[in-house]
Amino acid sequence: MMEGVTGSVKLNSGSGQMMDNQSFTITAADTASKSVVFSNVVYNTYSYEIDLEGFIPVTEAFLVSSETETLDVKLSPNMVKLEWLSFVDENMSIVQEGSSAYAKADGKLVLNVPYEQKDNVTQMISLMQVKRVGYSNLVDVTPPIALSNWTKLEGTDTVTYSTLFSTASALPLVHGSNEFQVIITINGESKTETMGKIDYDACIDINTMCVTLSWTDGLDPDLHSYYFPDWSYNEETTNGSFDITSRGERYWIYSNAAHKTYTATGSVVQLEDGNTDNEIEVQVWATDSQKLGNGTYLVYVEDVSETDVQNFKLILSGPGLSENVTYGPYDFKDDDNVSTTEALNPQAVFFIQVENNSIVRSDKITLGQTLSPSLMQWTGTLRNSVLE
């Protein structure tokens, strides 16, 4: 119950004649419960009528058979109907926090109460949350329960209440497009509204390594990476006992549902997938507490559906590089010219080693060639995409 709300309790005889009527106002001391006492009531059958603003009136018969009779009455609030609620599109906004990988969202919720219900609805018990689509965490933005804390505008057909909401904590962004939604739940029913989208380029973060694949013609190339977190810089040449065991686990990452996660930490490698020549593919690596993880990486590209991709180019950026490293543009598609070289399918592109979260080696693999046998024995062969 809310402070300032008024109500009354009527005591009626068994025949229905009103014997007493007590009015009251809810104070700060009794927002959880309110006691009303009737005196000089003889043993007999009676009924009470309770009327409290914002709650459904209650009438009930009872028997007085002892010197003190205590009745516990639970009132049910007049519930707001979900269809009375709406969000104002022009007040929805998603704002990135500087250049960080976080954003906050805010908006406006409107409640239109039918005029005939205006004296019966004084509160709204709800749960409202904001989420980024594809992200499990929810940020609470539940509005005030008491409608007296909302902005009120009384019209001829409805009484309109409105309240602003904002996420107190920021939600993380991923590379590419991020869609935000707000969900409100009342009495077991929910309504979901799209707040909008915001783009984020994770490659501007100096702690991330990005590999971007673009092409001008053809369909469905796939960008792949092998990651060996235990294979340290130059270990294959400086450690005489280096072998598959000391090399450690190999993680295969590309845009496939089963291969998007670096399972050692549960970190999802941020991927942007593309199929046509007006799209790109991107991998963003920062699996060590949002920094580039140490170890060895092998990046390669595959023309999946048919060998028709032309002018493909890869750009590598990340900590430790004085400038971006570019590979291409090259073709997978055979131009029937013996004087030109086409890419192998798949084509190894970059052999990268990272130390202290910084790139210390970034070898480019010659077009039409694969890794040297001395490296291939440790990396293994280049695997083809598994079609979903």
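Throughout, read-outs are computed from the coordinates displayed, never taken from laboratory work. What you see is a predicted model, and the numbers here were worked out from it, not measured in a lab. Here the Cβ is made from the backbone with ideal geometry for all residues, glycine too, and neighbour counts use every protein chain on show.
Points to keep in mind about this one:
- All Cα-Cα separations within the stretch 3-63 were binned at 10 Å from zero, giving a P(r) of 20, 51, 25, 4, each value a whole percent of the pairs.
- Cα gyration tensor shape for the stretch 303-388, rounded if a/c is under 1.5, else prolate or oblate: prolate
- The sum of -39500 (n - 2.57) across all DSSP H runs of n ≥ 4, divided by the residue count of the chain, sets its helix-only mean residue ellipticity at 222 nm to -500 deg cm²/dmol.
- Ranking Thr212, Ser362, Pro229 by Cα position along the charge dipole of the stretch 202-377, where only Lys, Arg, Asp and Glu carry charges on their C-beta atoms, puts Pro229 farthest toward the positive end.
- Per-residue Karplus couplings for the stretch 233-245, computed as 6.51 cos²θ - 1.76 cosθ + 1.60 with θ equal to phi - 60°, are listed in order as 4, 6, 5, 5, 10, 9, 9, x, 9, 5, 8, 4, 5 Hz, Gly and Pro entered as x.
- Table column - 3J(HN,Hα) (Hz), the stretch 122-130, Karplus curve with 6.51, -1.76, 1.60, x for Gly and Pro: 10, 8, 9, 9, 8, 10, 10, 9, 10
- A viscosity of 1.002 mPa s and a temperature of 20 °C, combined with the Kirkwood radius over C-alpha pairs in the Stokes-Einstein formula, give the chain a diffusion coefficient of 81 µm²/s.
- Scanning residues 5 or more positions from Ser255 or on other chains, those with amide H under 5 Å from its amide H are Leu223, with H placed 1.01 Å from N in the peptide plane.
- Taking the square roots of five times each eigenvalue of the Cα gyration tensor of the stretch 285-346, the equivalent ellipsoid has semi-axes of 30, 14, 9 Å, listed largest first.
- One decimal place: the segment Ser15-Ser372 gains 118.3 nm when fully extended, by the rule 0.36 nm per residue minus the C-alpha distance.
- Ordering Val159, Ala170, Phe87 by the projection of their Cα atoms onto the charge dipole of the stretch 82-200, which places +1 on the Cβ of Lys and Arg and -1 on the Cβ of Asp and Glu, puts Ala170 at the extreme positive end.
- Exposure proxy for Ile186, Ile359: other Cβ atoms within 10 Å of each Cβ, ordered fewest to most, give Ile186, Ile359.
- Hydrodynamic radius by Kirkwood, which averages 1/r over all alpha carbon pairs of the stretch 100-175, in angstrom: 14.1 Å
- Of the residues Trp215, Trp378, the one with the fewest other Cβ atoms within 10 Å heads the list, and the complete ranking is Trp378, Trp215.
- Computed over the chain, relative contact order equals 11 percent, with contacts defined as Cα pairs under 8 Å that lie 6+ residues apart.
- With the simple model of a label 7 Å out from the Cα in the direction of the Cβ, Asn149 to Asn345 spans 6.3 nm.
- Using every pair of distinct Cα positions in the stretch 202-377, the Kirkwood expression returns a hydrodynamic radius of 16.6 angstrom.
- Additional length obtainable on full extension of the chain from Thr25 to Val41, 0.36 nm per residue less Cα span: 3.4 nm
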